[in-house]
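Right, one structure below, let's go through it.
Derivation of every value follows stated rules applied to the coordinates shown; laboratory data play no part. Remember, it's a predicted structure, so these values are computed and weren't measured experimentally. All Cβ positions, even for glycine, are placed from backbone atoms using ideal geometry, and neighbour counts span all protein chains on display.
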Amino acid sequence: MAGLRRINRQFGIFREVRGKGLLLGCELTETWRGRSRDFIKAALDQGLLALVAGPDVIRLAPSLIIPDGLIEDGLQRFEQAIAHLLSQTAQ
């Protein structure tokens, strides 16, 4: 959660980050409503598997036995994916 909140402070794309344990949902802001699939594709392009939990929510559901290092790697990939998508959108 802390890593996702840090990403959100940088990009401001989530209205809410919620969940329990490692089952997390990132609800997109009004500006990005209906574009969760764009973020899923951008994440996949960075080698990160994320799920759609509706048109406005990105679902992250890693293994319950994932090492901390892989969580950090995943957060870095997600951050890169978001940065790439936002840069493409700005063009």
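List the residue pairs whose Cβ atoms are under 9 Å apart, where the first residue sits in segment 77-88 and is without any contact (Cβ under 8 Å) to a residue 24 or more places away in the chain, the second is surrounded by 20 or more Cβ atoms within 10 Å (Cβ to Cβ) and among the small types (Gly, Ala, Ser), and the two are 6 or more positions apart or on different chains.
As it stands, the answer is GLN88/ALA42, since those pairs meet every condition given.
Report the residue count in segment 6-18 for those that are surrounded by fewer than 14 Cβ atoms within 10 Å (Cβ to Cβ) and assigned to a helix (DSSP H, G or I).
Selection size over segment 6-18: 3.
If you go through segment 65-89 one residue at a time, how many are under 17 Å from ALA42 (Cα atoms) and either polar (S, T, N, Q) or loosely packed, with under 12 Cβ neighbours inside 10 Å (or both)?
Within segment 65-89, residues that are under 17 Å from ALA42 (Cα atoms) and either polar (S, T, N, Q) or loosely packed, with under 12 Cβ neighbours inside 10 Å (or both) number 5.
What number of residues in segment 65-76 are touching a residue at least 24 places away in the same chain (Cβ under 8 Å) and either of a type in the set (Asp, Glu) or out of contact with any helix residue (DSSP H, G or I) (no Cβ under 6 Å at 6 or more places or on another chain) (or both)?
Of the residues in segment 65-76, 4 are touching a residue at least 24 places away in the same chain (Cβ under 8 Å) and either of a type in the set (Asp, Glu) or out of contact with any helix residue (DSSP H, G or I) (no Cβ under 6 Å at 6 or more places or on another chain) (or both).
Would you be able to tell me the number of residues in segment 66-82 that are in a helix (DSSP H, G or I) and more than 11 Å from the chain's Cα centre (by Cα)?
Number satisfying all stated conditions: 6.
Can you name the residue in segment 19-64 that is touching a helix residue (DSSP H, G or I) at 6+ places or on another chain (Cβ under 8 Å) and of a type in the set (Val, Ile, Thr) and is also surrounded by the fewest Cβ atoms within 10 Å (Cβ to Cβ) among such residues?
Once the filter is applied, the top-ranked residue is VAL52.
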